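The values are calculated or read from the model by the stated rules, or taken from the named source; none is laboratory data. Computed from a predicted model, the values in this text were never measured in an experiment. Glycine gets a Cβ as well: all are built from the backbone with ideal geometry, and neighbour counts include every protein chain shown.
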Amino acid sequence: MNKKRWIALVVAVGLFLASIGFQFLTSLATADYETMFNFQDPEDNFGEKVIEKGSGTNKIAVLHLNGVIQDTTPSTLINTNSYNHERFLDMLEKAGEDNRVDGIILRVNTPGGGVVESAEIHDKIVEIQEQYKKPIYVSMGNTAASGGYYIAAPADKIVAHNATLTGSIGVIMESFNFAEFADEHGIDFNTIKSGEYKDIMSMSRKMTDDEREILQTIIDDMYAEFVQVIVDGRGLSEDRVRELGDGRVYTGAQAQEVKLVDELGSLDDTIEMMREDHELENAQVIEYERGLNFNQWLGGTVQSMLGSETDLVGIKDLLRENNAPRAMYLYSQ
């Protein structure tokens, strides 16, 4: 490489580094410094953000559930904004324990997720209703399907948008099968196992009838639990729930017609319904938030610099964390 090419290379690298530095400084200049330097220990309690002022001491807490319900923690610096299961359960617990909170609204926007995680949220909702006698309303966003409906079922009132996709009542378990592809390309799989069914749902061979029957009994048991949750929460008969729960999705309007939801409206409408239903006209409406710890702030800065390319990191993490078949209350297209 001659001298001129070296100079051009050095200039190009310098311009690239200058561009990165400029974007970083721009992020600093446009940041909310009050939040930016409010670094908190991750174990600290949630702060409160007032979204509607009130004249009384009562509060309505709005909790947002966005994304696939799964008990996974973001494993990279960049992926800091995905659903955090433990954090959501902590928010529910805080809203239940806080004597100043007289009503809770869950803003649900999820296609569902894990069976266990959905059950944990459902059980926490029921616990709060029974122990603290607080009304819990659900406001459905774009999607509140499968596990999203599972957690909504025990709510005192379910409000959906006319175009919300909900329902998808059921359980699904899927895996890939590469046996035919492997045969065509001369790929051998070597499996050493301790029992006949240890490699059930293996990707390297066709599933046997016995294995399918075993897994179907598991799915049937989980589906029966889902049905019972709706029977208990919505007051519908088991036969009716099974009729509605064939896996299909409903719009909000359709769901209201079959009594899977109570009302149609937005989050603001849901807040007004709670105010009127429980004499909370003067209540503040708050959301929980955490001050950023340093990793979250730095991750958010890097994310803003890299833009949509960070989505690839999230997808990579999701694939790595879900490389084994599992039963899901999940609506997927």
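A few remarks follow.
- Where Glu281 falls short, out of the listed (1) at pLDDT below 95; (2) surrounded by 14 or more Cβ atoms within 10 Å (Cβ to Cβ): (2)
- Residues satisfying the stated conditions in the stretch 156-175, i.e. among the aliphatic types (A, V, I, L, M), under 16 Å from Leu260 (Cβ atoms) and surrounded by fewer than 24 Cβ atoms within 10 Å (Cβ to Cβ): Ala163, Leu165
- Odd one out for Met203 among (1) crowded, with 18+ Cβ neighbours inside 10 Å; (2) part of a loop (DSSP other than H, G, I, E, B): (1)
- Considering each residue of the stretch 177-193 in turn, none proves to be assigned to a helix (DSSP H, G or I), touching a strand residue (DSSP E or B) at 6+ places or on another chain (Cβ under 7 Å), more than 15 Å from Leu63 (Cβ to Cβ) and aromatic (Phe, Trp, Tyr).
- Scanning the stretch 112-151 for residues that are of a type in the set (Gly, Ala, Ser), under 19 Å from Asp262 (Cβ atoms) and within 13 Å of the chain's Cα centre (by Cα) yields Gly141, Ala144, Ala145, Gly148.
- All of (1) among the polar types (S, T, N, Q); (2) in contact with a strand residue (DSSP E or B) (Cβ under 7 Å, 6 or more places away or on another chain); (3) without any contact (Cβ under 8 Å) to a residue 24 or more places away in the chain hold for Asn99 with one exception: (2).
- Elements of type strands (runs of 3 or more DSSP E) contained in the stretch 104-169, each with 1 or more residues being touching an Asp or Glu at 6+ places or on another chain (Cβ under 9 Å) and not small (Gly, Ala, Ser): 136-145, 157-160
- Unmet requirement for Asp71, which otherwise passes all of (1) farther than 23 Å from Glu272 by Cα; (2) surrounded by 15 or more Cβ atoms within 10 Å (Cβ to Cβ); (3) out of contact with any His (no Cβ under 7 Å at 6 or more places or on another chain); (4) without any contact (Cβ under 8 Å) to a residue 60 or more places away in the chain: (3)
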